[in-house]
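Below: the structure, in C-alpha cells.
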Amino acid sequence: MRVLIQSRANFNEMPGGDTIQILKTKEQLEKLGVEVDISLELEPDLSNYDLVHLTNITRIHETYIQMKNAKSQGKPVALSTIFWPMEEFEQKGQHGLRKLLSRYLNIDNIERLKILARGLKNWGIWDKSTVNLLTVGYTDMQKFVIENTDIFLPNAELEMQMLNKVFGVQKKNYIVVPNAIDKDIVEKYRDVQDTEFEEYKDAIICVGRIEARKNQLALLQALQDTDYKVILVGKVSDNFKKYFESIKDIVDKNENFFYIESIPNDKLYKLFKLCRVSVLPSWLDTPGLVSLEAAAMGCSLAVSHIGTTVEYFGEEAFYCSPDDIESIKRAVDQAYNKRDNSVLQNKILTSYTWEEAAKGTLEAYKKITQKI
C-alpha cells in the first residue's frame, strides 16, 4: 500500500504538534509495511498512490484544494481532523482589532479579513488556496472536505462529536486515533541522570508556538507575582510578533522567567523530566502532544478545559479557563503540589504510543481501500 500524507505549506518552517504527529505516524506505518510519502503541494500527481491522508480542517484553504485534487483523481481520502471550533477564541482570546471585529463578524468574514490583511503585507501569499478564502468561504470549504472524506481520524471521541454538532452532520465513518508519545525516547531518558537542564529543575514549562491561541501571555500574567521558575518553549507564529513583544517584556523583567525558541524533540523529553508542571492554558487542545510527552516524563499537568483534554487525562490533571488568570494560577498551584503522577504516566505509556496510533491509522486505510 502506498499512501501520500499531505499537510500545510509551512509544515517545516513552523513545526507544531501536527508536524510530530505526521512524521511519527509515517515512521510507524513504514514499520508495518506501508509506503508513505509526505507532500506539501496543493495538486500533486496521485497516480502512484492508493489513498491520500489529509490533515487539518482548521487551516482549511490548503486542505480544500488537496481534497478536490484527490477526488478529481479518484483517490479515497482519510482525514485527521485536528478540529475544534474557533469562535470562542476569536471573540475572547484574540487581541486588539481582531477581538473587536470578532464580536460582529462570523468566522467566514473574519477569515476573509485575515487573508486580505496578510495579502496586503505580502503579495506572495496569493495562490489558488488563499483566493478561495475570499471566493468560496471558510465554512463552505470545511463542509466540502467533510462531505468528501471517506474516513475520519479524530484524536478523540469528543472531537468527532463536536465536528458532528458544529456542522450538523452524523458522520459515523471514523476511527479514533489518539495523539501519542515516543515510548522509546521516554524509556531512554526516564531513568538517566542528566545535568544539561539542571537550572530548570522543578520549573513550570509551557511548550507551543507563541500565539494568542496558545495563551502564553495570560500564563505569564497569572504567574508573574509568584516565585515559580517558568519556561516558555516555542517559535513565534507568523503575525504574532506584537503578541510576543508583550511576552518578552514580562520575561525580561523577571529573573525566574525564561524563553527558549526551539529545542529538538528528544531533548524536550529530557527537559520535561526535570520540570515539575507542564501547563497549556490554550483556547483549545486536542489534547496537545506536549501534555502527553510531559506527563509521560512525570510532569503534573495544568491544562485548558476546552477541547479533548478531559477525555485523555480525566481526574489526573488540573483544569483552567483560558480567559481567567486566577483559574490558570490555581490549576498551576494544584499541579505543582501533586506528588504522584504514576497513574497517568502508566496510562500514557500503555495506550498513547505512536505504535498504537499507527495500527489504528492502518485499520482506517484498509477500510477505505479494501486491502485486508
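For N106 and D191, the FRET efficiency from 1/(1 + (r/R0)^6), where r spans their Cβ atoms and R0 equals 56 Å, is about 0.60. Here the Gaussian network model covers the chain, with springs between Cα atoms less than 10 Å apart; of L120, L40, L301, L120 fluctuates the most.
Packing, taken as the mean count of other beta carbons within 10 Å per residue, orders the peptides 334-347, 311-324 from highest to lowest as 311-324, 334-347. Comparing S304, S282, S72 in a Gaussian network model of the chain where C-alpha atoms under 10 Å apart are linked, the largest mean-square fluctuation is found at S72.
Near Y336: Cβ cut-off under 14 Å, other residues only, Lys/Arg at +1 and Asp/Glu at -1. The net charge is +3.
Across the chain, the mean sequence separation of Cα contacts (distance under 8 Å, 6 or more residues apart), normalised by length, yields a relative contact order of 17 percent. All other residues whose Cβ lies under 13 angstrom from that of V145 are scored, Lys and Arg at +1 and Asp and Glu at -1, for a net of +1. Which entries in K31/K273; K71/K235; K201/K359; K235/K359; K114/K267; K165/K241 show an alpha-carbon gap greater than 30 Å? In this structure, K71/K235; K201/K359; K235/K359; K114/K267; K165/K241 exceed 30 Å between Cα atoms. In this label model, D227 and R59 are separated by 4.2 nm, measuring between points 7 Å along each Cα→Cβ vector.
Of the options (1) 112, 60, 45; (2) 78, 50, 33; (3) 58, 47, 35, only one is Cα extents along the principal axes in Å as computed from these coordinates, and that is (3). Label positions at D140 and V310, each projected 7 Å from the Cα along the C-beta direction, are separated by 3.6 nm. Enumerate the lysines that K68 could reach by cross-link, defined here as Cα to Cα under 18 Å, with residues fewer than 8 away along the same chain left out. Partners within reach: K128, K143.
Here the Gaussian network model covers the chain, with springs between Cα atoms less than 10 Å apart; of V36, V145, V177, V36 fluctuates the most. The modelled label-to-label distance for the pair I260/K171, using points 7 Å beyond Cα in the direction of Cβ, is 3.6 nm. Looking at the stretch 119-201, the trypsin sites (Lys or Arg not before Pro) that sit in a DSSP loop and have at most 10 other Cβ atoms within 10 Å of their own Cβ are K172. Charge tally for N48 (other residues, Cβ to Cβ under 10 Å; Lys, Arg +1; Asp, Glu -1): -3. If R0 equals 25 Å, the separation of the Cβ atoms of K366 and Q73 corresponds to a calculated FRET efficiency of about 0.75.
Computed from the coordinates by the stated procedures, all read-outs in this text should not be read as laboratory data. Everything numeric in this text was worked out from a predicted model, so none of it was measured. Cβ: placed from backbone, ideal geometry, glycine included. Neighbour counts: every protein chain shown.
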